[in-house]
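What follows is calculated from the coordinates using simple rules that are stated; it is not laboratory data. The structure displayed is predicted, hence computed values, not measured ones. Cβ: placed from backbone, ideal geometry, glycine included. Neighbour counts: every protein chain shown.
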Amino acid sequence: MEEQVKAKGGKRSFVGIVTSDKMDKTIVVSIDTKRMDTLYKKYVTRTKKCKAHDEKNDAHVGDTVRIVECSPISKDKCWRLDAIIERAR
């Protein structure tokens, strides 16, 4: 379910699901990609986790969000929350 879209200024952006919101002003976003295996020709799902900056602590676990690349905020954070696409039920 990887959706990479070029944002303003040519920055990368991904759509993923929030898996953790326990840190202050930080969320962990899980991004799923489907790739075809070269040998077996079957689709394999790969998951990448990114830490993103959430200034207002808006996003919660299960929300679908868009994150955008930015300059490094801390050791692990180089993404920021752009929009909450869909809230969790």
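In order along the range 47-57, phi translates into HN-Hα couplings of 10, 10, 10, 10, 8, 10, 7, 10, 4, 9, 6 Hz, rounded to whole numbers, per the Karplus curve 6.51 cos²θ - 1.76 cosθ + 1.60 with θ = phi - 60° and x for Gly and Pro. The residue among 81, 61, 40 whose Cα reaches farthest toward the positive pole of the charge dipole of the chain, with charges on the beta-carbon of Lys, Arg, Asp and Glu, is 40.
For the range 39-45, the Karplus equation 6.51 cos²θ - 1.76 cosθ + 1.60, evaluated at θ = phi - 60°, returns couplings of 8, 9, 6, 10, 7, 10, 8 Hz by residue, with Gly and Pro reported as x.
For P(r) over Cα pairs in 5 Å bins from 0, in percent, the choices are (1) 2, 11, 22, 27, 22, 12, 4, 1; (2) 3, 15, 24, 23, 16, 9, 6, 3, 1, 0; (3) 3, 15, 29, 28, 17, 6, 1, 0; which was calculated from the structure? Label (2) holds the value from this structure.
Each Lys and Arg adds +1 at its Cβ and each Asp and Glu adds -1 at its Cβ; summed about the Cα centre, the chain shows a dipole of about 340 debye. Comparing 37, 21, 63 in a Gaussian network model of the chain, where Cα atoms under 10 Å apart are tied by springs, the biggest mean-square fluctuation is seen for 37.
Computed over neighbours whose Cβ is under 9 Å from that of residue 69, the net charge equals +3, Lys and Arg +1, Asp and Glu -1. Residues whose amide H lies under 5 Å from that of residue 20, counting only those 5 or more places away or on a different chain, are 28; hydrogens are built 1.01 Å from N in the peptide plane. Backbone amide hydrogens, once placed in the peptide plane, bring residue 85 within less than 5 Å of 64, 65, 66, excluding anything fewer than 5 places away on its chain. Whole-Hz Karplus values for the range 15-29 come out as 10, x, 10, 6, 9, 8, 9, 6, 7, 7, 6, 9, 10, 9, 10 Hz, taken residue by residue from phi with 6.51 cos²θ - 1.76 cosθ + 1.60 and θ = phi - 60°; glycine and proline positions read x.
In a reduced charge model with +1 at each Lys and Arg Cβ and -1 at each Asp and Glu Cβ, the range 39-87 shows a dipole moment near 440 debye about its Cα centre.
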